[in-house]
1. Which of the residues spanning segment 197-235 are of a type outside the set (Gly, Ala, Ser), surrounded by 19 or more Cβ atoms within 10 Å (Cβ to Cβ) and assigned to a helix (DSSP H, G or I)?
2. Confirm whether residue 185 is in contact (Cβ under 8 Å) with a residue 12 or more places away in the chain, out of contact with any helix residue (DSSP H, G or I) (no Cβ under 7 Å at 6 or more places or on another chain), crowded, with 20+ Cβ neighbours inside 10 Å and not in a helix (DSSP H, G or I).
3. Exactly one of (1) modelled with pLDDT under 90; (2) in the same structural domain as residue 117 (by TED's automatic domain parsing); (3) within 28 Å of residue 268 (Cβ to Cβ) is unmet by residue 329. Its number?
4. Can you spot a residue in segment 441-457 that is modelled with pLDDT under 95, buried (at least 16 other Cβ atoms within 10 Å of the Cβ), in contact with a His (Cβ under 8 Å, 6 or more places away or on another chain) and under 17 Å from residue 362 (Cβ atoms)?
5. What is the residue count in segment 396-451 for residues that are of a type in the set (A, V, I, L, M) and within 18 Å of residue 349 (Cα to Cα)?
6. Can you tell me which of 389, 363 is part of a loop (DSSP other than H, G, I, E, B) and either of a type in the set (S, T, N, Q) or modelled with pLDDT under 90 (or both)?
7. Can you tell me how many residues within segment 240-263 are in a helix (DSSP H, G or I) and under 12 Å from residue 208 (Cα atoms)?
8. Of the residues 404, 395, which is of a type in the set (D, E, K, R), more than 28 Å from residue 196 (Cβ to Cβ), at pLDDT below 95 and not assigned by TED's automatic domain parsing to the domain that holds residue 255?
Amino acid sequence: MEERARCLALLGFGALVGSVSTILLLKFRPRTVNGCDEKGGIEPVSKTRTNCCAVPGNGNNKMAGVDLLSDEIVSEQLTRNIQFFGLEPQQKVTASYVVVIGLGGVGSHAASMLLRSGVGRLLLVDFDQVSVSSLNRHAVATRADVGIPKAQCLKEHFLSIFPECHIDAKVLLYNESSEEEILAGHPDFVLDCIDNIDTKVALLAACVRRGLNVLSATGAGARADPTRIRVADLRQSTNDPLSRSVRHRLRRDYGIEGGVTVVFSLEKPKAKLLPFKGPAGEEENPSDYQILPGFRVRIIPVLGTIPAIFGQVMASFVLTQLAGLQVQTEPIVNLDIDHYRMLHQRLIEHEESLYGTALHVQVDVEEVMYIAKELWHGRSAREPFAKDVGRGMWRSVNELMLVRWDREKPASVSNLILLKFKEADEHESTTLEDIKEREAEFFDRVTSVLKRAELEFGL
């Protein structure tokens, strides 16, 4: 027993001596970068806080273009990465340039791990400021950072973690006029961590047009199950309203069917957007309080761990891509997809039979899934009470078909209802004016459901 205690004491003493010697070495030994010591190298990091678009004080531009791993301290800091990837793949990572747009709960964690993993150049973009309520999910922000731009906050913290990284920070809103400023320079990857659908769609379309590698984060709010987060093509994302809307808008506005990689959750949101209350405590129109048009002011309930995991997943995906490490992502399996394909095909055949063409069918199989499950719960629109959506529902769906609610409008997400075959024939032989007059309750119920689809898809 005494011998074991002596061994443990010796081990502890050895670890202490090693730690002290490492600290002294880092403090007193000159660093060598490609044969040059530190004296002529890195400028001091500026801590000046400003609110201009380009955040000053990078202080590390002299490291740009240098093999960062030739620096002894950098090499030591990235030892575990080098052991994991190998030296040459890690050199690819440190030589890479990544743009992160949106620096909230998802983007801050993604950017943080890209930095800690040795990405040599980062551009951080966000127009917003750190708020007290964002501290539950932000990667580095503290109460002292509240009120300063998120881009500046990250940059200041990052320069104390990995000062050799070339960091640019822009307090800037992504739009058509700022596209060139943000996406120029041939970045190796662009991370889309934006939660505004108009901006997100415009950014993704620009990246596709420019041929840039882009990874997009979808809805991380109102979810709690980290085991259901996946990486896949946008066409394969399910149970995510934001993915659905982005996919629809990309196809409608830019003719982009796929080829965009996204991080999404298979979990259905567990909470809804909270109502907006003004200073008087009564519900008011959120748009009256918007700082910028189109950006939400209502609150999405967020468990801070999930956006953080989204960001970590994004960083892992990008790092393995940059290093050339092949990772086989888990396939997205949907056992009921054939049923939705059947409904989609039935819609196409009905359109061709009734209108002579299927060109006005503006939904794909994924959107048919949304219509059948989320809007009509696998039942006829004429049935007043929803049924559980499960395998048993297909006994009834096999007797249903999708038809236009308003024959004057195309077969879109916000203009399709599920009806039984006989009900569909009757619907096609009447007008909406007749339905509104004779069946006001049914008319109002269907209109309300279709309005929800319109809002969720941003139509």
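The values are calculated or read from the model by the stated rules, or taken from the named source; none is laboratory data. Nothing here was measured: the structure is a model prediction, and the numbers come from that model. Don't worry about glycine lacking a Cβ; one is built from the backbone with ideal geometry, like all the others, and counts go over all protein chains shown.
1. Selection gives 199, 200, 201, 203, 204, 207, 234.
2. Working: in contact (Cβ under 8 Å) with a residue 12 or more places away in the chain: yes; out of contact with any helix residue (DSSP H, G or I) (no Cβ under 7 Å at 6 or more places or on another chain): yes; crowded, with 20+ Cβ neighbours inside 10 Å: no; not in a helix (DSSP H, G or I): yes.
No, not satisfied.
3. Checking residue 329 against (1) modelled with pLDDT under 90; (2) in the same structural domain as residue 117 (by TED's automatic domain parsing); (3) within 28 Å of residue 268 (Cβ to Cβ), the one that fails is (2).
4. Yes: segment 441-457 contains one or more residues that are modelled with pLDDT under 95, buried (at least 16 other Cβ atoms within 10 Å of the Cβ), in contact with a His (Cβ under 8 Å, 6 or more places away or on another chain) and under 17 Å from residue 362 (Cβ atoms).
5. 12
6. Working: 363 fails: either of a type in the set (S, T, N, Q) or modelled with pLDDT under 90 (or both).
Every option except 389 fails the conditions.
7. Keep residues of segment 240-263 that are in a helix (DSSP H, G or I), which gives 241-254.
Narrowing further to those that are under 12 Å from residue 208 (Cα atoms): 250, 254.
Residues that pass the stated criteria total 2.
8. Details: 404 fails: at pLDDT below 95.
When all the criteria are applied, what remains is 395.
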